[in-house]
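Undergrad: Here you go, one structure.
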There are 2 protein chains.
Amino acid sequence: MSQDPLVVFTPSGKRGRFPAGTPVLTAARQLGVDLDSVCGGRGICSKCQVAPSYGEFSKHGVNVAPDALSDWNEVEDRYNRKRGLKPGRRLGCQAQIMRDVVIDVPPESQVHKQVVRKAASVRTMIMDPATKLYFVSVAEPDMHEPTGDLERLAQALKAQWDIPDVTADASLLARLQPMLRKSGFEVTVALHKSHTDDVAQVLEVWPGLHESGLYGLAIDLGSTTVAAHLTDLETGDVVAASGIMNPQIRFGEDLMSRVSYAMMNPGGAQEMTRTVREAIDTLATEIAKEGGIDPALIVETTFVCNPVMHHLLLGIDPVELGQAPFALATSASVAMPARELGLTAINARARSYILPCIAGHVGADAAAVALSEQPGKSEDLVLIVDVGTNAEIILGDTSRVLACSSPTGPAFEGAQISSGQRAATGAIEAIRIDPETKEPRFRVIGCDKWSDEAGFAEETAATGITGICGSGIIEAVAELRMAGLMDDSGLIGSAAQTGTDRCVADGRTNAYLVHDGTAEGGPRITVTQGDVRAIQLAKSALYAGARLLMDERGVDRVDRVVLAGAFGAHISAKHAMVLGMIPDAPLDKVSSAGNAAGTGARIALCNVAARAEIERTVREITKVETAIEPRFQEHFVAANAIPHKTDPFPELGKVAPLPRVSFNTGAQGDDGDGRRRRRRRGA
Amino acid sequence: MSQDPLVVFTPSGKRGRFPAGTPVLTAARQLGVDLDSVCGGRGICSKCQVAPSYGEFSKHGVNVAPDALSDWNEVEDRYNRKRGLKPGRRLGCQAQIMRDVVIDVPPESQVHKQVVRKAASVRTMIMDPATKLYFVSVAEPDMHEPTGDLERLAQALKAQWDIPDVTADASLLARLQPMLRKSGFEVTVALHKSHTDDVAQVLEVWPGLHESGLYGLAIDLGSTTVAAHLTDLETGDVVAASGIMNPQIRFGEDLMSRVSYAMMNPGGAQEMTRTVREAIDTLATEIAKEGGIDPALIVETTFVCNPVMHHLLLGIDPVELGQAPFALATSASVAMPARELGLTAINARARSYILPCIAGHVGADAAAVALSEQPGKSEDLVLIVDVGTNAEIILGDTSRVLACSSPTGPAFEGAQISSGQRAATGAIEAIRIDPETKEPRFRVIGCDKWSDEAGFAEETAATGITGICGSGIIEAVAELRMAGLMDDSGLIGSAAQTGTDRCVADGRTNAYLVHDGTAEGGPRITVTQGDVRAIQLAKSALYAGARLLMDERGVDRVDRVVLAGAFGAHISAKHAMVLGMIPDAPLDKVSSAGNAAGTGARIALCNVAARAEIERTVREITKVETAIEPRFQEHFVAANAIPHKTDPFPELGKVAPLPRVSFNTGAQGDDGDGRRRRRRRGA
């Protein structure tokens, strides 16, 4: 043959001719094929494993022969004996191309692994973290050419990995010297290369080839809970996930109470900062234990949080966020050593990255949702709602993205509800009321059966039926309305008006009895008029925020709705729409994104380019401030009712049009009233 | 007149025409005239004061009229009432050019002030520190355009000062918010702009115009003492200078004992690091108090030190510096937050800069000497010797610079000398021995008189005569040789051999009695044979190092000698040459540079470009390692004697040729011996 052998890499399809004897890894690099290697081709890291295909790809026009690659060599032999190579695998740095060949790069040998996210979203995540491992052989010191160990490490990284410039702090220098000598001047370093700085920082050094991996923590710092995902920075796998209550709760349930605490108590902000930092540090220790890894292997952390938590994490007094014009200390992303955030449990030189905020009320958590859900890349107009004590609302498509936040209060989380509780075993999470009998049936967390199914009582006997959580109360209110037990204005009818003993007098108003467990020593669970009012306030705030963004876009409907947040995953879309929490949309166009903010934190952890992307994105998002927008109040007032709609949800199938009811007068609501309301909402 | 008015600035001579009504500051900026302004032309900082010259400069061809500048305005009036303007001064930002005018920029109004260094050196220092003050008006937050306070500060710095990019750490963000609001969004910031990074860091923020100045600490961290200069970063003035003993002395007098301590004691290196950092922190507190300034105004620190102190300061185990190949952890400069070096007394965000090292034995102190003395810019060949426990030796001119260090030991500092002591009140610092009578006379620190002058006894009565310091012992040994009381090999003669009772038996050898204070309860001060041997070892090491560099350059003489170090300032050049400490040179070509390392630290503190300069310089210096160079041993052995020279110092005038003496045989040394020695030294 006069021509050099042809090599075709799959799945990339990249191909080229190389002189016989060229190592597969060399060919892959020259063609830009994504083939991993930590040791730089020394046959010790095994990251460059490939699967050559003999014969079977001849249909592609490649003449594949069994001797297309060089013979299995000693290095491969030793590796196979010690660690074992899967059948059919070769080490890319050892096997040489001898004849035309097709070589498959299995997923685990790709540097930029694609991590398919589970759940609803199909978006894949490309592994390209800010910190990666590099194995290097460093020149030994020479008295005749005196240079420092760091300088010789830098030369090695430049020569062997084409890394132009590195730096290291004093604590790393103190480790580097003994480590180089212990390892015969062959070490693996963890290099952090941010998207804004050309100089890479040596975060850690290990003797020889480091094989215990590298990890990161994605932290979703909420007002109520702190959730962390311990993530393998090579594979993207979540090794452990853990959460704790935010201990700041003792300074105030919601954000504004904490801002007040800071305002009223000298040193209060510092106290809250210290408290949450300690909690995060403890969480880091625990999650490393849970994942079975040395905490010193955690070298990266990313944070998403609302602006108040953002400021308190950074040690900034949040007082400005409690009053107009809601000025942030900084809206940009913040990159800093993790230890400056009080993270002492992980690697001493670990880095932290806090995503940028969008505005004084729309924080890094909303930015993370935008990073995860990518409204700016959506062809259809998507409304993303992250429901919490403060709801973050994003509306957009490829042409423009808008964002606002809305103060929904804690009712959706079961707080301020008479029988309310957090989502925990024993909480009623779903409820149905028969429109004919007006009798309820429900499901509690920890039991798959409905309350009218056989075995329910037995299965719930141990934990009891303890209260109603957020998703339960939303369904309860919507069901009361659908069953005709509540009028347009949200007033619960009396037993006389509704014809059921479930409606009981409760002071000057009425309540609906869901479950009476007093006989078994349990609680009597009702939905009171006060509960309905609390939900009405919350849903009006949420709806008004969404409506305001729709006004800004000049639309009166959206193509699809994404419910984000842990809570969003449990809400029944049908009931949310009956209640008027979210604008109407076809049911199959309402999806849950799970903890999208947490996902955004993980994306920023696993892909450094995503940090640049979200920093660009937040600048492009149009911020709408609900607090100063008069139309927000209008929308809020207008959204207070749970209105009669003539044929609101054809797609809901069995859901009948809501009856026009008014318990104030005891008579039916008039058409005029209903029309007026519709006009306001559809304007 | 059809032409615009002409303005000529002195002393720069820069000139240009500007439309009538142009403020002087504006014209100065457009012409690149070095006219200061912190407030950016708002008439509040008064840094831009100028002295217009009316009439008197007409000989320069400028038609100067009394109304060449606009009338004194309200802003100047107010400033004059409140603070007072010197007669003839105007505020450059207020006074407008109306007709042709000559304007003098007085030295205190120049940004890049030239600071003339005192003492021997005439080198001037240009003020251009890494951290400077900027007064800015920051836009107030706007709910409709939400940005963070830091981002608005960055915009203001860009618009008002053309500073492209700034960053700030979390602790600054926490201060920025209240400060902006307290000051009506007008603040002064201290911006640190390193020579290696395009992004400036906001180190501090003050409300309104900050007028309490900005300071830096230049720290010379020696094995024995730590000296600091508190320096005004605007004027370059040394506000206070202070020093303390290096508390590491308790772990070992010299560097190698401290390295041994680190090797022998687990945690020993950390212990020494902690000890020295605490001492520096205390020194910083004290010097600020002495200078009468708030320590928080200290925002910059520079360090010079030998490699062992360098490593111990940074928290790096110095063990590698105690053994070949003497590998540094890093030879590059180190820039870091000062608090990471344990400096808690000064500004929390202050920066530290540690000058680069030249080699494992030639540290940042030698680099600082090179920065101060600039051998690479010398037209004649200069030998710079920084005498200490370890001597740093630099030889060079514009063509090439070489450096080495030589282990002189502590004898030159009075240690290991029987009557030795540190240079303190009561120590003999100078001594003369009459060649005829063999009687000594001497001077002690704290008294200007010689011991044979009237009033000496009275003036020294209080402190006593306590011992001999480094410069004293050098003179004593040289004088013993010149008085014929010691032979070529350094052997002190007996009373019989020398004919003086001052030579007394001391075990198996002889000693020379300098002063017997026992009658007054003081010490009996002698120079023993052991003292002479210690000085011979020290001077041989020093000479051999210099000689090695001369070999490398292929020369057998140098044009001039600079004695650096506090000690260098007190050595008699004549005696040093008689002793053979330094190569022979004309006496008027031997100068003292004072604490050149400390000066180098101050230069790096006051001028950021000097940091780039020394980083470049150290790379260009040829390092010579004495420890592995066989010729060093040869030179060392050859230099041990204090040889007979036939006519060694014609320029010394009254110093007679040294007699050829040998007390070993009791006879004169032979010519052959003397010639052989000369040949070795002059080869």
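Undergrad: Do any helices (runs of 4 or more DSSP H) lying entirely in segment B:434-512 carry at least 2 residues that are out of contact with any helix residue (DSSP H, G or I) (no Cβ under 6 Å at 6 or more places or on another chain) and in contact (Cβ under 8 Å) with a residue 24 or more places away in the chain, and which ones are they?
TA: Details: elements: B:456-461, B:470-482, B:495-498.
Qualifying helices (runs of 4 or more DSSP H): B:470-482, B:495-498.
Undergrad: Moving to a separate point now. Restricting to segment B:331-351, give me the number of residues that are surrounded by 24 or more Cβ atoms within 10 Å (Cβ to Cβ) and within 17 Å of A:Leu173 (Cα to Cα).
TA: 4
Undergrad: A further question follows. Name every residue in segment B:244-285 that is buried (at least 17 other Cβ atoms within 10 Å of the Cβ) and either among the aliphatic types (A, V, I, L, M) or in contact with a strand residue (DSSP E or B) (Cβ under 9 Å, 6 or more places away or on another chain) (or both), in order of residue number.
TA: Matches in segment B:244-285: B:Asn246, B:Leu255, B:Met256, B:Val259, B:Ala262, B:Ala269, B:Met272, B:Val276, B:Ala279, B:Ile280, B:Leu283, B:Ala284.
Undergrad: Tally the residues that are out of contact with any helix residue (DSSP H, G or I) (no Cβ under 7 Å at 6 or more places or on another chain), polar (S, T, N, Q) and surrounded by fewer than 16 Cβ atoms within 10 Å (Cβ to Cβ), restricting the search to segment B:166-225.
TA: Counting residues in segment B:166-225 that are out of contact with any helix residue (DSSP H, G or I) (no Cβ under 7 Å at 6 or more places or on another chain), polar (S, T, N, Q) and surrounded by fewer than 16 Cβ atoms within 10 Å (Cβ to Cβ) gives 3.
Undergrad: Could you list all residues from segment B:597-646 that are of a type in the set (Gly, Ala, Ser) and either touching a Cys at 6+ places or on another chain (Cβ under 7 Å) or assigned to a loop (DSSP other than H, G, I, E, B) (or both)? Outline the logic, then answer.
TA: Our first condition is that a residue be of a type in the set (Gly, Ala, Ser); within segment B:597-646, this holds for B:597-598, B:600-601, B:604, B:609-610, B:612, B:627, B:638-639, B:641.
If the condition is that a residue be of a type in the set (Gly, Ala, Ser) and either touching a Cys at 6+ places or on another chain (Cβ under 7 Å) or assigned to a loop (DSSP other than H, G, I, E, B) (or both), then B:Ala639, B:Ala641 are the ones that fit.
Undergrad: Sticking with this one: Considering each residue of segment A:385-413, count those that are among the small types (Gly, Ala, Ser) and surrounded by fewer than 23 Cβ atoms within 10 Å (Cβ to Cβ), and give that number.
TA: So the answer is 2.
Undergrad: Within segment B:146-242, considering only strands (runs of 3 or more DSSP E) that don't extend past its boundaries, which have at least 3 residues that are within 14 Å of chain A (Cβ to nearest Cβ)?
TA: Numbers: elements: B:186-192, B:200-207, B:215-221, B:225-232.
Those strands (runs of 3 or more DSSP E) span B:200-207.
Undergrad: Any residue in segment B:55-77 that is modelled with pLDDT of 85 or more and either in contact with a helix residue (DSSP H, G or I) (Cβ under 7 Å, 6 or more places away or on another chain) or assigned by TED's automatic domain parsing to the domain that holds B:Thr188 (or both)?
TA: If we filter segment B:55-77 for residues that are modelled with pLDDT of 85 or more, which is where we start, we get B:68-77.
This time we only want the ones that are either in contact with a helix residue (DSSP H, G or I) (Cβ under 7 Å, 6 or more places away or on another chain) or assigned by TED's automatic domain parsing to the domain that holds B:Thr188 (or both), so: none.
No; the residues of segment B:55-77 include none that is modelled with pLDDT of 85 or more and either in contact with a helix residue (DSSP H, G or I) (Cβ under 7 Å, 6 or more places away or on another chain) or assigned by TED's automatic domain parsing to the domain that holds B:Thr188 (or both).
Undergrad: Scan segment B:19-39 and give yes if some residue there is in contact with a Phe, Trp or Tyr (Cβ under 7 Å, 6 or more places away or on another chain) and modelled with pLDDT under 85, otherwise no.
TA: Restricting attention to segment B:19-39, the residues satisfying the condition of being in contact with a Phe, Trp or Tyr (Cβ under 7 Å, 6 or more places away or on another chain) are B:27-28, B:31, B:33, B:38-39.
Now narrow it down to the ones that are modelled with pLDDT under 85: B:38-39.
The answer is yes; a qualifying residue exists.
Undergrad: Only residues that are closer than 21 Å to B:Gly363 by Cα, in contact with a helix residue (DSSP H, G or I) (Cβ under 9 Å, 6 or more places away or on another chain) and not hydroxyl-bearing (Ser, Thr, Tyr): list them for segment A:143-163, please. Give the steps one after another, and end with the answer.
TA: Going residue by residue through segment A:143-163, those that are closer than 21 Å to B:Gly363 by Cα are A:143-154.
From the residues that got through so far, the ones that are in contact with a helix residue (DSSP H, G or I) (Cβ under 9 Å, 6 or more places away or on another chain) too are A:143-144, A:147-150, A:152-153.
The answer is A:Met143, A:His144, A:Gly148, A:Asp149, A:Leu150, A:Arg152, A:Leu153.
Undergrad: State yes or no: is A:Gly376 touching a residue at least 40 places away in the same chain (Cβ under 8 Å), more than 9 Å from chain B (Cβ to nearest Cβ) and surrounded by fewer than 20 Cβ atoms within 10 Å (Cβ to Cβ)? Give the derivation first.
TA: Values: touching a residue at least 40 places away in the same chain (Cβ under 8 Å): yes; more than 9 Å from chain B (Cβ to nearest Cβ): yes; surrounded by fewer than 20 Cβ atoms within 10 Å (Cβ to Cβ): yes.
Yes: the conditions hold for A:Gly376.
Undergrad: Additional query: Only one of A:Ala495, A:Ala538 is hydrophobic (A, V, I, L, M, F, W, C) and out of contact with any Ser or Thr (no Cβ under 6 Å at 6 or more places or on another chain); which?
TA: Details: A:Ala538 fails: out of contact with any Ser or Thr (no Cβ under 6 Å at 6 or more places or on another chain).
Of A:Ala495, A:Ala538, the one residue that is hydrophobic (A, V, I, L, M, F, W, C) and out of contact with any Ser or Thr (no Cβ under 6 Å at 6 or more places or on another chain) is A:Ala495.
Undergrad: Of the residues that sit in segment B:616-630 and are surrounded by fewer than 17 Cβ atoms within 10 Å (Cβ to Cβ) and either touching a residue at least 12 places away in the same chain (Cβ under 8 Å) or within 10 Å of chain A (Cβ to nearest Cβ) (or both), which one is nearest to B:Thr408 (Cα to Cα)?
TA: Step one: list which residues in segment B:616-630 are surrounded by fewer than 17 Cβ atoms within 10 Å (Cβ to Cβ), which gives B:616, B:619-620, B:622, B:628, B:630.
Okay, now just the ones that are also either touching a residue at least 12 places away in the same chain (Cβ under 8 Å) or within 10 Å of chain A (Cβ to nearest Cβ) (or both), so B:619-620, B:622, B:628.
On the way: B:Arg619: 25, B:Glu620: 26, B:Thr622: 21, B:Ile628: 16 Å.
Here the answer is B:Ile628.
Undergrad: While we're looking at this one, here's another question. Across segment B:588-604, what is the number of residues that are closer than 11 Å to B:Asp559 by Cα and modelled with pLDDT under 90?
TA: So the first thing to find is which residues in segment B:588-604 are closer than 11 Å to B:Asp559 by Cα, and the list is B:588-590.
Applying the additional criterion that residues be modelled with pLDDT under 90 yields B:588.
So the answer is 1.
The values are calculated or read from the model by the stated rules, or taken from the named source; none is laboratory data. Everything numeric here is computed off the predicted structure, so don't read it as measured data. Glycine also receives a Cβ, built like all others from the backbone with ideal geometry; neighbour counts cover every protein chain displayed.
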